[in-house]
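Have a look at the structure below before the remarks.
The values are calculated or read from the model by the stated rules, or taken from the named source; none is laboratory data. The model shown is predicted, which means the values in this text are computed figures rather than measured ones. Here the Cβ positions follow ideal geometry from the backbone for every residue, glycine too, while neighbour counts run over all protein chains shown.
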Amino acid sequence: MFFQNIVLAIRKNKLLYYAKNFLQQRIPAMGYEKAVQKKQAVIQLYDEAYITDRVNYYNKLNQFMLLGKQAVALREIWKIKSPKAYRFDTMAYTRYFNPSLKANFTFGDVITTPTIPTLQKSRPVASNNQNAILLKLDKKRHFFFIHDRKTFVEKKNMMIGRASVVQPHRIRFMEMYYNHPLCDLGQVNREGGNAEWLKPKISITAHLDYKFILSLEGHDVATNLKWIMSSNSIAVMPKPKYETWFMEGRLIGNHHYIQIKDDYSDLEERLQYYLNHPNEAEAIIVNAHQYIEQFFNTTQEDLISLLVLQKYFKLTGQVE
């Protein structure tokens, strides 16, 4: 377990990530057309309809849209005040386009849909969110997957939950279940929440001792959902209200994760059901693993990202 924790810590280290991206920005881009052509030479092995579907999911624009006066030229992205990860992840793909092209950017945890076409990390799961175009941003933090050596049957018959408890909905959950015998819950933030709930942070590896892992949304999406779905434990959460490049809006309750009501009132019943029906629980794990596999092909992911941007520039009247 000690060495597994070290490996996970190295993989999550952002310093190495920043260094890699800084060096990447110093290498001249080959240009959008050549970049796409190079990737399309390999992408023929994949499903074109699937690629198109992903592109249209992230970028739902279907008609010409005005950019607005606040649009920023691609060459000016580095000036936007935001965590470095957002700028690096954006420039990893915008660098292939004409630097005079413009776009609107909203970096950080976004839970609203803008009035003008905007590139962002997250958006509400809704039918009218077309102005919120998703890019794979802050991916070092959010797109983190693991290999779980422990099988579902070897794990404790409980749900583990460690989180910053600040938002009202997380406080409400803790008030309802902190002392519940099926739950091992703890608050990791010292300011806010309830001092009686304080517990030290634990490693991802320690989480994997439990059959169920709580995955409540925070400011936007639940950061831990991706690595939970790559494990042999099961995410427990209400239906997602927000989504990112992970397409949380396409996840199916009790198929990819254990779905509980928005008011959390059926948590005990849902946990007990899957403890009594382990075959159904393991089927959820298989489905979760199948879902995350689509994000492992970096060539395919890169092509989708470039096509999302190309569609953005086309439907804002900047390229043909």
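A few notes on this one:
- Residue check for Lys60: assigned to a loop (DSSP other than H, G, I, E, B), surrounded by fewer than 20 Cβ atoms within 10 Å (Cβ to Cβ) and without any contact (Cβ under 8 Å) to a residue 12 or more places away in the chain: no
- Test for Asp302: is it assigned to a loop (DSSP other than H, G, I, E, B) and either of a type in the set (D, E, K, R) or in the same structural domain as Ile111 (by TED's automatic domain parsing) (or both): no
- Of the listed requirements (1) on the phi < 0 side of the Ramachandran plot; (2) at pLDDT 95 or above; (3) of a type in the set (A, V, I, L, M, F, W, C), Leu306 misses just one: (2).
- Among the criteria (1) in a loop (DSSP other than H, G, I, E, B); (2) out of contact with any helix residue (DSSP H, G or I) (no Cβ under 6 Å at 6 or more places or on another chain); (3) surrounded by fewer than 17 Cβ atoms within 10 Å (Cβ to Cβ), the one Gln290 does not fulfil is (1).
- All of (1) over 15 Å from the mean Cα position of the chain (by Cα); (2) farther than 27 Å from Asn131 by Cα hold for Gln318 with one exception: (2).
- Filter result for Thr244 (touching a residue at least 12 places away in the same chain (Cβ under 8 Å), under 24 Å from Tyr178 (Cβ atoms) and of a type in the set (S, T, N, Q)): no
- Selection of first residues in the stretch 36-49 that are in the same structural domain as Ser305 (by TED's automatic domain parsing) and at pLDDT 65 or above and of second residues that are surrounded by fewer than 14 Cβ atoms within 10 Å (Cβ to Cβ) and part of a loop (DSSP other than H, G, I, E, B), restricted to Cβ pairs under 8 Å at least 6 apart or on distinct chains, gives the following pairs, ordered by first then second residue: Lys38/Met30.
- Yes/no for Val221 being touching a strand residue (DSSP E or B) at 6+ places or on another chain (Cβ under 9 Å), in the same structural domain as Ala92 (by TED's automatic domain parsing) and touching a residue at least 60 places away in the same chain (Cβ under 8 Å): no
- From the options Thr106, Thr94, residue that is closer than 22 Å to Lys241 by Cβ, among the hydroxyl-bearing types (Ser, Thr, Tyr) and not assigned by TED's automatic domain parsing to the domain that holds Trp227: Thr106
- Selection within the stretch 260-299 - under 14 Å from Asn232 (Cβ atoms) and either touching a residue at least 40 places away in the same chain (Cβ under 8 Å) or assigned by TED's automatic domain parsing to the domain that holds Tyr50 (or both): Tyr274, Pro278, Ala281, Glu282, Ile284, Ile285, Ala288, His289, Ile292
- Lone qualifier among Ser127, Ser82 - being within 30 Å of Arg190 (Cβ to Cβ), at pLDDT below 95 and not in a strand (DSSP E or B): Ser82
- Selection within the stretch 221-242 - under 21 Å from Ala132 (Cα atoms) and at pLDDT 95 or above: Val221, Ala222, Lys239, Pro240, Lys241, Tyr242
- Checking Val319 against (1) modelled with pLDDT of 95 or more; (2) in contact with a Phe, Trp or Tyr (Cβ under 7 Å, 6 or more places away or on another chain), the condition it does not meet: (1)
- Qualifying residue in the stretch 160-170 (condition: at pLDDT 95 or above, closer than 18 Å to Leu271 by Cα, out of contact with any Asp or Glu (no Cβ under 8 Å at 6 or more places or on another chain) and surrounded by 15 or more Cβ atoms within 10 Å (Cβ to Cβ)): yes
- Positions within the stretch 116-133 being farther than 17 Å from Ile77 by Cα and without any contact (Cβ under 8 Å) to a residue 24 or more places away in the chain, in sequence order: Ala126, Ser127, Asn128, Ala132
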